[in-house]
Structure formats: C-alpha cells, structure tokens
1. Which residues, taken from segment 314-346, are assigned to a helix (DSSP H, G or I) and surrounded by 15 or more Cβ atoms within 10 Å (Cβ to Cβ)?
2. Among the residues of segment 204-216, what is the count of those that are open to solvent by 90 Å² or more (accessible area, probe 1.4 Å) and either aromatic (F, W, Y) or closer than 18 Å to L151 by Cα (or both)?
3. If a residue has to be in a helix (DSSP H, G or I), open to solvent by 40 Å² or more (accessible area, probe 1.4 Å) and closer than 27 Å to I190 by Cα to count, how many in segment 227-243 make the cut?
4. Can you find a residue that is assigned to a helix (DSSP H, G or I), hydroxyl-bearing (S, T, Y) and within 30 Å of the chain's Cα centre (by Cα) anywhere in segment 261-274?
5. Which one is modelled with the highest pLDDT among residues in segment 389-410 that are among the polar types (S, T, N, Q), under 16 Å from I372 (Cβ atoms) and open to solvent by less than 60 Å² (accessible area, probe 1.4 Å)?
6. Those residues that are modelled with pLDDT under 85 and buried (at least 16 other Cβ atoms within 10 Å of the Cβ), I need them from segment 145-172; list them, please.
7. For segment 76-85, state whether one or more residues are within 32 Å of the chain's Cα centre (by Cα) and modelled with pLDDT of 80 or more.
Amino acid sequence: MALCVPSEHLLAAILSSTDDGLLSFGLDGTVQNWSRGAEILYGFSNSEIVGQPLGRLLPSNQAPGFEGLLHAAIQGEFPQCERAVRLRKDGSPILVAVTRAPIRSEHGEIVGIVERGKALTAGSTETLSEGQLKQTIEQMPMALWTTDLNLRLTSCLGAGLRSGKNRNEELLGKSVNEFLKCQDPHTTPIAQHYEALRGVASQFEFKRNNRVLELHLEPLRSPSGEIIGCVGAGLDITERKKTEEKMRYQATHDALTGLSNYREFLDSLEQEVRRSQRNNRSFAVLLLDLDALKSINDRLGHLGGNRALKRLSEVMKEQCRSTDLAARYGGDEFAVLLIDADPGMARQIAGRVQSALQAGREQPPLSVSIGISVFPDDGRTAQELLEAADRELYQRKRTSRSRVVSARSR
C-alpha cells in the first residue's frame with residue numbers, strides 16, 4: 001500500500017533542501033516561501049525575507065524588468081529561464097541562473113511564481129552544452145548586450161568591447177554611457193539606444209578607441225511585446241575597413257606617384273562643377289605636361305623617367321594647397337583641381353610649381369608646361385574646362401619649342 005505524504009510535509013522537505021535557492025512570490029512581488037538553499041545563496045534567513053518584496057534581491061536597474069515579469073505573469077506568460085544578477089544580504093552581487101514556473105489555483109489561474117536559483121561560479125554545474133556555448137560567445141570578436149529602461153546593462157557577452165580591466169560580469173549594472181565610453185546622450189551611439197526604447201531599430205558604424213565598430217540596436221521586448229529595454233550587438237570591423245580603404249585608395253590613386261588617378265580627378269571635377277553652379281563660385285583647372293620625358297627615357301631608361309615623374313609629383317604636393325586635388329592624368333600629363341580659385345590664384349600656383357621644379361638640384365633638370373582654365377570664364381562643363389586648359393597647354397609647348405629652335409639656330 002502506497003504511503004501518502006501530506007502536502008505540507010512535502011513542501012517542508014523541499015524548502016529544507018540546500019541544493020538550490022528555491023523560493024516563491026506572489027503577483028505583487030512579495031516573498032511567500034524561502035528555502036534553506038535560498039538562505040545559503042542569498043544570505044537572508046526565512047524570518048528576514050518572507051513577507052518582504054523580492055525587490056530586495058534586485059539591483060535597482062533591474063526593477064523595471066521585474067515589473068514587466070509580474071505584468072506578463074498576470075497575462076499568463078513570462079520568461080522561464082534567464083541569467084540574472086541578484087544581491088546578497090551584504091550587498092554583493094551574484095550571477096544566478098534562474099528558472100521560474102507558475103503557481104496555479106485550483107481553477108488554473110496563476111496566483112504566484114516559484115523560482116529556483118543556482119549560482120553561476122567557477123564551480124557551477126552548468127551542462128556541457130551551456131558551458132561550451134558560453135565559452136564560445138565569450139571569445140567571439142563581437143559584443144552582445146541588453147539594457148533596462150534606464151539604459152543600464154542587464155547582460156553582456158562576447159569579447160568585442162571588453163577592456164582588459166573588466167570582465168563582462170563586472171559590467172552588469174553599469175550605464176551604457178560608461179560601457180561605450182560616451183557621455184553625451186544626444187550623440188552616437190547613446191542617441192540610438194534612446195531611439196530603441198521608442199521602438200526604432202538602427203544599424204550604424206561607431207569609432208571607439210581607434211577601432212571601428214558596426215553596431216545593431218533593437219528594442220528589447222517581453223513575451224507580451226512590451227518594450228523593457230534595448231538589445232545591442234557590436235562587431236569590430238576595423239580590419240575590414242582598413243582593407244576597404246586600401247582597395248579604394250588603389251582604385252583612385254596612381255601607383256607610381258601616389259597622386260589621384262584620371263578617374264578620381266574626373267569624378268572630383270564633375271562634383272566641383274555642380275557645386276560651383278549652385279554656389280556661383282569660381283575654381284580653376286591646371287593641366288601639366290612634363291617636358292622632354294621621351295628624351296629622358298631614351299637617355300636614362302624608364303627608371304630614370306619614373307624618377308622624373310615622381311619629382312614632379314612631389315613638387316605638386318608641396319606647392320598645392322591642402323584643399324586642392326593633384327592627379328596624374330596619364331603618361332607625362334598631370335592635372336590639378338584648384339578649389340575656390342580665381343585666375344590670379346591659378347597663375348600663382350602654376351608659377352610656384354614651375355619655379356620649384358627648375359630650382360631642383362637633381363639631374364636631369366626638369367621643366368613643365370602648364371595650361372590653365374577657370375570656371376565659368378573658360379567653360380561651364382568639365383569637358384569645356386579640360387579643352388580650354390589643353391589648348392593653352394599646347395600653345396605654351398609650341399611657344400617653348402619655338403624658343404628652343406630659335407636659340408639653337410643662333
């Protein structure tokens with residue numbers, strides 16, 4: 001004959017267990033039952049905590065999430081498993097794996113919640129799969145975090161944003177401002193957290209400590225759909241950005257001289273034409289041709305010719321302003337886009353390039369012919385400006401050749 005154990009004796013036996021922190025609380029958050037395991041885990045005796053709000057175990061930043069839990073329980077749904085930070089009697093935080101189940105009346109209504117808590121420490125008895133998953137996430141080059149409605153961290157996983165001084169557990173309860181090293185609530189990425197609390201998701205790049213991060217932010221919702229915080233993910237894309245920048249540089253710059261290439265110059269010229277048409281501002285184009293490059297190649301070889309091209313490019317970098325764009329147009333031809341320049345400024349910079357090149361002591365001596373065009377006097381399109389500068393360039397080259405022939409005939 002089976003022995004029937006009275007329910008009150010069974011409850012007493014369960015509550016006397018020291019294996020887990022077992023407790024129950026009503027839908028108003030008041031603790032109703034408190035096991036010996038809960039006393040060991042949290043430090044409160046039965047007489048100290050029964051009848052008190054469970055909020056005494058919660059960090060202040062977790063109060064909104066707990067209120068959401070109670071609200072969801074009234075609706076018949078709530079999270080059943082989670083990792084949470086709790087406070088011991090002495091005020092020290094402890095990370096706990098929490099499992100909850102509803103307490104129902106004889107009519108099936110939820111009248112309370114029973115909770116089992118297990119400390120997560122180095123000696124924790126997590127299952128192998130949980131341990132492997134946690135270890136994997138902690139080593140991932142990214143970060144995953146959640147916040148409450150006050151933007152304080154309620155969870156943090158991954159190595160992407162972790163400094164050498166802090167473990168992820170030590171970040172719990174800290175503000176997002178402190179976590180992301182940004183104090184201004186109106187700037188990226190704090191502003192996007194406030195947007196997430198209003199239900200707006202976002203994806204953007206953020207620079208932090210010389211690193212580039214790709215951040216994703218979403219509202220964190222309870223099972224009933226209520227927003228209870230933010231959930232964020234951050235991936236370090238610094239190396240990817242460096243690779244992209246290197247590829248872009250190679251695609252837009254001349255490999256020999258380091259100047260912008262033909263395509264980059266034309267794109268910039270088209271943009272400047274549009275800008276100047278809107279603002280009614282002038283700018284200038286210089287086309288430069290290194291004189292006698294063929295002769296230099298014939299006498300010194302192509303390496304000598306390359307050195308001559310690089311000498312001209314260095315002079316252009318030195319004599320042009322930081323706002324100007326210097327480019328190798330092709331072969332022995334170069335170009336400069338002079339932003340906000342009038343004819344006088346264009347002639348002055350052209351003269352500086354010619355003088356600096358002639359003053360160089362390296363051999364062979366170099367000279368350059370330069371054609372100038374100015375927007376809008378010489379043209380209102382990129383093609384018209386290039387043609388005007390090209391005509392002046394070759395007029396100067398013909399004049400220079402005539403002088404050389406005249407000097408030799410004497």
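1. Applying the first criterion (assigned to a helix (DSSP H, G or I)) to segment 314-346 yields 314-319, 343-346.
E314, V315, M316, Q319, M345, A346 - these are the residues of segment 314-346 that are assigned to a helix (DSSP H, G or I) and surrounded by 15 or more Cβ atoms within 10 Å (Cβ to Cβ).
2. Looking only at that region, the number is 0.
3. To start, the set of residues in segment 227-243 that are in a helix (DSSP H, G or I) comprises 238-243.
Then keep just the ones that are open to solvent by 40 Å² or more (accessible area, probe 1.4 Å); that gives 239-243.
Pick out the ones that are also closer than 27 Å to I190 by Cα and you get 239-242.
Residues flagged as in a helix (DSSP H, G or I), open to solvent by 40 Å² or more (accessible area, probe 1.4 Å) and closer than 27 Å to I190 by Cα within segment 227-243 amount to 4.
4. First, the residues of segment 261-274 that are assigned to a helix (DSSP H, G or I): 262-274.
From what is left, the residues that are hydroxyl-bearing (S, T, Y) are 262, 268.
Among the residues that remain, those that are also within 30 Å of the chain's Cα centre (by Cα) are: 268.
Taking every residue of segment 261-274 in turn, at least one turns out to be assigned to a helix (DSSP H, G or I), hydroxyl-bearing (S, T, Y) and within 30 Å of the chain's Cα centre (by Cα).
5. Within segment 389-410, the subset among the polar types (S, T, N, Q) is 395, 399-400, 402, 406, 409.
With the extra rule that they be under 16 Å from I372 (Cβ atoms), the set shrinks to 395, 399-400.
Restricting the remaining residues to those that are open to solvent by less than 60 Å² (accessible area, probe 1.4 Å) gives 399-400.
On the way: T399: 75, S400: 66.
Among those residues, the one meeting the criterion is T399.
6. Within segment 145-172, the subset modelled with pLDDT under 85 is 155-172.
Passing the criteria: S155, C156, L157, G158, G160, L161, R162, N168, L171, L172.
7. Yes, the conditions are met somewhere in segment 76-85.
Results for (1) touching a residue at least 60 places away in the same chain (Cβ under 8 Å); (2) under 30 Å from the mean Cα position of the chain (by Cα); (3) closer than 30 Å to Q203 by Cα, shown as yes or no for each residue.
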| position | (1), (2), (3) |
| --- | --- |
| A251 | no, yes, yes |
| Q277 | yes, no, no |
| S282 | yes, no, no |
| R311 | no, no, no |
| L338 | no, no, no |
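The values are calculated or read from the model by the stated rules, or taken from the named source; none is laboratory data. No experiment lies behind these values; they were computed from the predicted model shown. Here the Cβ is made from the backbone with ideal geometry for all residues, glycine too, and neighbour counts use every protein chain on show. The accessibility values were calculated without ligands, DNA or RNA, using every heavy atom of the protein model including side chains. Shrake-Rupley method; radii C 1.70, N 1.55, O 1.52, S 1.80 Å.
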